[in-house]
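The values are calculated or read from the model by the stated rules, or taken from the named source; none is laboratory data. Just so it is clear, the model here is predicted, and its values are computed rather than measured. Every residue, glycine among them, receives a Cβ derived from its backbone with ideal geometry; neighbour counts consider all protein chains shown. Only protein heavy atoms, including side chains, enter the accessible area calculation; ligands, DNA and RNA are left aside. Shrake-Rupley method; radii C 1.70, N 1.55, O 1.52, S 1.80 Å.
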Amino acid sequence: MVSIIKQIKKSVGFIYVKNGNVFHPAGTGFFVSVATGYDSSKSYFYFVTAKHVIQKKDGTFYDIAVRLNTFDNSSNLLPLPMNQLHIFTHDDEDVDIALFPMIPNEKIYDILTIGSDILSTEKIIEDEKIEEGGDVLFSGLFSSHIGKQRNQPIVRFGKISLISDEKITWKVDDDPPKLVDLYLMECQSYGGNSGSPVFFKLDRFRESSENKIKMHEKYYLAGVMTGSFNQSRKIENIETINEQFSWQNIGIAAVTPAYKLHDILFSDELNKIRKDNDDLENAKKKV
């Protein structure tokens, strides 16, 4: 049986952004599936990432490519021109999530999908008593070692630092700060991690039939990696006309909650697209 860590890594693909005529590694994405149809036997596949990975400052999108591992111990870079993609985002433009339908050939590509049933909604957060101090992990592109033949997604582990009922101030580059819905994790992200799937790992104790207490694990998708909080420090003892600053990662990562992803996946627009497609397929079966 494939371990949960290997399963998570198989859900991940690397995103490359086109600059001139060349694609450069820029971030991470992952596959999510939504079961539908009258018997839930049909699934729709989407590739999810952080919106800022694929969106330009002017609001348009880059031409991208997705690098996926194959069963022959290699990988392929699949160009996806933006004029051929239907990208879905949240009604709230400050939500850093984007997704698009993508169905790779399952006989060629060594991938798994994250079922929409394990997305952590606000109700699940409450029911499962998910709170600060709980375990988290994520998997994504590590820009210092991407992998020559195949994607080599790293896995990082940490703790929940804050699940807040207030919006949190988030600032990107020279843009003005915004108040957004975020989870904070004591889990440093690194260049290329944006768009990675982040998971809550729940440990529960139960009594076995042998009257011995055993631990079992449960995983929920916590959200999508947005980035890290940094602080600037003035560099001392440098004799220059202009002040110089260094940036230091303070070890706190920002994660866009999975319930925002749930909003997009189960929006009226995507629900209608899936229903219309299901109805068309069922009508064909009856002919």
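Quick notes on this one:
- Convex hull of Cα atoms in region 66-161, direction-averaged projection (nm²): 8.9 nm²
- Within region 152-188: backbone nitrogen closer than 15 Å to the residue 6 label point (7 Å, Cα to C-beta): 153
- Partner aspartates and glutamates for residue 148 [C-alpha distance under 20 Å; skip if fewer than 8 residues away on the same chain]: 72, 110
- Rg(Cα)/(2.2 N^0.38 Å) for region 27-69, N = residue count: 1.54
- Calculated mean residue ellipticity, 222 nm, the chain: -4500 deg cm²/dmol, from DSSP H runs (n ≥ 4) at -39500 (n - 2.57) each, averaged per residue and rounded to 500.
- Extension gain from residue 123 to residue 277, taking 0.36 nm per residue of separation minus the Cα-Cα distance: 52.5 nm
- Available extension along the chain between residue 165 and residue 286 is 38.6 nm, counting 0.36 nm per residue and deducting the alpha carbon span.
- For region 1-133, Kirkwood radius (reciprocal of mean inverse C-alpha pair distance, Å): 16.4 Å
- The chain: equivalent-ellipsoid semi-axes (sqrt of 5 x gyration tensor eigenvalues, Cα, Å): 32, 26, 20
- A simple spin-label model places pseudo-atoms 7 Å from Cα toward Cβ; at residue 155 and residue 82 they are separated by 3.5 nm.
- C-alpha center-to-center spacing [region 255-287, region 151-188] in angstrom: 29 Å
- Residues in the chain average 57 Å² of solvent-accessible surface per residue, probe 1.4 Å, ligands and nucleic acids excluded.
- In the chain, taking the dipole from charged Cβ atoms about the Cα centre, the farthest positive-side position among 109, 194, 80 is held by 109.
- Apportionment of accessible area to carbon and sulfur, the chain, percent (1.4 Å): 49 percent
- Taking each of 129/159; 51/275; 178/260; 123/218; 57/260; 6/201 in turn, the alpha-carbon distance tops 19 angstrom for 51/275; 57/260.
- Each part reduced to its alpha carbon centroid, region 66-95 and region 1-59 end up 6 Å apart.
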